[in-house]
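For reference, the structure is listed below as structure tokens.
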Amino acid sequence: MDPDTRDTEPGRVVLRPAGEIDMANAPELEATLTEALRRPSVREVVVDLADVRFMDSSGVRVLVHGAAVGRERDVPLRVTAPQPGVARVLRITGVGALLGFADAETGRPVARGWRGLD
């Protein structure tokens, strides 16, 4: 997997991984995501999951780590457009709030912070 990475506007980077995110390719996504979050001029990183049809716990770990790196640098990480199976994984694991993910059932943003606690 080589995620498509684009600077869509000044300070905003969009990553578009495709296919499956699992233990075989999660390190590559993590490296790309971390590099994007550490760019000097970045103000927001969006991970567009529209083309990801499967994600296991390795992918969830990468996204949570990315959110932590972003938080250290005051750069929000936001996940968008997950397919239903991937959205379910994010919802079940409770990381939606951390990733700025809107609830699939209501369409409303989930509570902010880790599991809405902060």
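The values are calculated or read from the model by the stated rules, or taken from the named source; none is laboratory data. Since the structure is predicted, the reported quantities are computational estimates derived from the model, not experimental observations. Every residue, glycine as well, gets a Cβ built from its backbone with ideal geometry; the counts of neighbours run over all protein chains shown.
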I'd like to verify a number: residues in the stretch 23-52 that are over 12 Å from residue 78 (Cβ atoms), charged (D, E, K, R) and surrounded by fewer than 15 Cβ atoms within 10 Å (Cβ to Cβ), how many? 4
Taking interchain pairs and intrachain pairs at least six residues apart, which have beta carbon atoms under 8 angstrom, with the first residue in the stretch 26-38 and modelled with pLDDT of 95 or more and the second of a type in the set (S, T, N, Q)? 26/58; 32/5; 36/5
(1) touching a Ser or Thr at 6+ places or on another chain (Cβ under 8 Å); (2) among the aliphatic types (A, V, I, L, M); (3) more than 16 Å from residue 85 (Cβ to Cβ): which one isn't true of residue 45, the others all being true? (1)
So residue 77, is it closer than 13 Å to residue 3 by Cβ and in contact (Cβ under 8 Å) with a residue 24 or more places away in the chain: no
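From the list 10, 3, which one is in contact with a Lys or Arg (Cβ under 9 Å, 6 or more places away or on another chain), at pLDDT below 95 and surrounded by 14 or more Cβ atoms within 10 Å (Cβ to Cβ)? Lay out the reasoning, then the answer.
Numbers: 10 fails: surrounded by 14 or more Cβ atoms within 10 Å (Cβ to Cβ).
Just one listed residue meets the conditions, 3.
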When the stretch 1-54 is checked residue by residue, the ones that are more than 16 Å from residue 66 (Cβ to Cβ) and not in a strand (DSSP E or B) are 2, 10, 11, 22, 23, 24, 40, 41, 50
Log entry, pairs with first residue in the stretch 1-20 being on the phi > 0 side of the Ramachandran plot, second being in a loop (DSSP other than H, G, I, E, B) and small (Gly, Ala, Ser), beta carbons closer than 7 Å, six or more apart or on different chains, reads 11/41
Scan the stretch 88-103 and tell me whether some residue there is of a type in the set (Val, Ile, Thr), in a loop (DSSP other than H, G, I, E, B), at pLDDT 90 or above and within 11 Å of the chain's Cα centre (by Cα). yes
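Looking only at the stretch 58-87, which residues are assigned to a loop (DSSP other than H, G, I, E, B) and either buried (at least 18 other Cβ atoms within 10 Å of the Cβ) or in contact with a Leu (Cβ under 8 Å, 6 or more places away or on another chain) (or both)? Steps first, answer last, please.
In the first step, residues of the stretch 58-87 are kept if they are assigned to a loop (DSSP other than H, G, I, E, B); the result is 74-76, 81-83.
If the condition is that a residue be assigned to a loop (DSSP other than H, G, I, E, B) and either buried (at least 18 other Cβ atoms within 10 Å of the Cβ) or in contact with a Leu (Cβ under 8 Å, 6 or more places away or on another chain) (or both), then 75, 81, 82, 83 are the ones that fit.
Okay, residues lined up against (1) under 21 Å from residue 6 (Cβ atoms); (2) in contact with a helix residue (DSSP H, G or I) (Cβ under 9 Å, 6 or more places away or on another chain); (3) not small (Gly, Ala, Ser):
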| site | (1), (2), (3) |
| --- | --- |
| 28 | yes, no, yes |
| 55 | yes, yes, yes |
| 68 | no, no, no |
| 90 | no, yes, yes |
